[in-house]
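Working notes for the structure below.
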Amino acid sequence: IPKSGGTTAKQIYQCMGKTLTIRIGVDPRYGHDQSDELVVFKPIEGKDWKTVNVDTVSEKGILRAEEMGLVASGKADIIFAMDVNFASSHLFDRLNKGRILSIFRHPVDRLASKFYYLQSATWERTYRPEWADMSILEWAEKHNFDENFLVKKIVGKKLTDDAGMADLIIAKEIVRRRFIVGLLDEMEESVHRFNVMLGVNESDEKTKECMNEVFGTTKDESDKSDEVDTMEAQGDEGDEKDNAVEINTNSNKHPKIVEGMPEYKLMAERNSLDMILYEYIRLLFQEQKSVINRYAREALVQQHALTTNVQRKRQLR
């Protein structure tokens, strides 16, 4: 979901040294884009993180990854995709299952971020310098066609398609059954939950370092949310800056659009389905806490049992 935390999540897991599928994997500079076999490699010298020579953002790239047996190979720790329906139907099956981890953002905040970001994001294919000369109200009235994006994306509709209450009901059910939901304004807690599901050891020193670089240990929640938002200014609209993997906080701050402003009212009305879905996701975020905590406890017990067995075998030797 553009402007909703994807860039930040990538940077955190890159810092942890995970193997991710992002577009840089098929950059011709690295010589693996035409290979018929899956290749895991480090694109940035001196960095621990790795990628695979597939593009799981585009439909063409997903089909290629399917043919190459990406998921069954187990070579990728995390698969980044923008079309959840297409990716899940072509990459996963009954023998090779996965869990969708997604960060969600308030629809009005996401649109405002997109408007200001694309005015200056010269590296993006969707760069819109002409937006710099208009107000966000004018943009929302006449130039924004990104309406109910979330519902359409989840149910597999195109942005130009119409969406209604039936689609909203389906989207809610898909999210409930298949997603571990995160929230941009609860980013640290969201990443913690993702770590649990990914089996990341948060007591590991490198993991602590990566988490602290983004979230710190003394910032309050508003500071952390603002910092994540500035990191999103680095670019996740089309992953054009996949090679910019350093965790940093270069600011691209913009005016906040708050409830009561005409801009807020207009965007909320035109994205009414997304607004309802977002409130449902916020409730789901609260409900999933106990489930994930239980999963974490069970994983800890299993890890303890495994460690104990290993120690016993060593003693027997």
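Which of the following residues is within 30 Å of LEU273 (Cα to Cα) and crowded, with 22+ Cβ neighbours inside 10 Å: THR8, THR51, THR21? Lay out the reasoning, then the answer.
On the way: THR51 fails: within 30 Å of LEU273 (Cα to Cα); THR21 fails: within 30 Å of LEU273 (Cα to Cα).
After ruling out the rest, the residue left standing is THR8.
Looking only at the stretch 219-233, decide whether some residue is surrounded by 12 or more Cβ atoms within 10 Å (Cβ to Cβ), part of a loop (DSSP other than H, G, I, E, B) and at pLDDT below 85.
Our first condition is that a residue be surrounded by 12 or more Cβ atoms within 10 Å (Cβ to Cβ); within the stretch 219-233, this holds for 219, 221, 223-233.
Now narrow it down to the ones that are part of a loop (DSSP other than H, G, I, E, B): 219, 233.
With the extra rule that they be at pLDDT below 85, the set shrinks to 219, 233.
Looking through the stretch 219-233, at least one residue is surrounded by 12 or more Cβ atoms within 10 Å (Cβ to Cβ), part of a loop (DSSP other than H, G, I, E, B) and at pLDDT below 85.
For the subset of the stretch 79-105 comprising residues that are open to solvent by less than 50 Å² (accessible area, probe 1.4 Å) and in contact with a Phe, Trp or Tyr (Cβ under 6 Å, 6 or more places away or on another chain), which member is modelled with the highest pLDDT?
By that ranking, first place goes to SER102.
If you go through the stretch 22-55, how many residues are in contact with a Lys or Arg (Cβ under 9 Å, 6 or more places away or on another chain) and polar (S, T, N, Q)?
1
Would you tally the residues in the stretch 124-135 being closer than 20 Å to LYS265 by Cβ and exposed (fewer than 13 other Cβ atoms within 10 Å of the Cβ)?
The total comes to 1.
Exactly one of these conditions fails for LYS60: (1) of a type outside the set (A, V, I, L, M); (2) more than 21 Å from the chain's Cα centre (by Cα); (3) open to solvent by 60 Å² or more (accessible area, probe 1.4 Å). Give me its number.
That leaves (2) as the condition not met.
Which of the helices (runs of 4 or more DSSP H) contained wholly in the stretch 1-116 include at least 3 residues that are farther than 30 Å from SER203 by Cα? Write out each step before concluding.
Values: elements: 6-15, 59-67, 70-73, 84-91.
Fully inside the stretch 1-116 and qualifying: 59-67, 84-91.
For (1) modelled with pLDDT under 95; (2) aromatic (Phe, Trp, Tyr); (3) more than 25 Å from LYS265 (Cα to Cα), each residue gets a yes or a no:
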site: VAL108; (1), (2), (3): no, no, no
site: THR122; (1), (2), (3): yes, no, yes
site: VAL191; (1), (2), (3): no, no, yes
site: SER203; (1), (2), (3): yes, no, yes
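Scan the stretch 290-311 and tell me whether some residue there is within 21 Å of the chain's Cα centre (by Cα), at pLDDT 95 or above, over 30 Å from SER120 (Cβ atoms) and surrounded by 11 or more Cβ atoms within 10 Å (Cβ to Cβ).
no
What number goes with the only condition from (1) open to solvent by less than 20 Å² (accessible area, probe 1.4 Å); (2) modelled with pLDDT of 95 or more; (3) of a type in the set (S, T, N, Q) that SER113 does not pass?
Against the list (1) open to solvent by less than 20 Å² (accessible area, probe 1.4 Å); (2) modelled with pLDDT of 95 or more; (3) of a type in the set (S, T, N, Q), SER113 comes up short only on (2).
The values are calculated or read from the model by the stated rules, or taken from the named source; none is laboratory data. Quick caveat, the model's predicted, so the values are computed rather than measured. For neighbour counting, all protein chains shown are included, and Cβ atoms are generated from backbone atoms with ideal geometry for every residue, glycine included. For the accessible areas, the whole protein counts, side chains as well, though only heavy atoms, and no ligand, DNA or RNA atoms are used. Shrake-Rupley method; radii C 1.70, N 1.55, O 1.52, S 1.80 Å.
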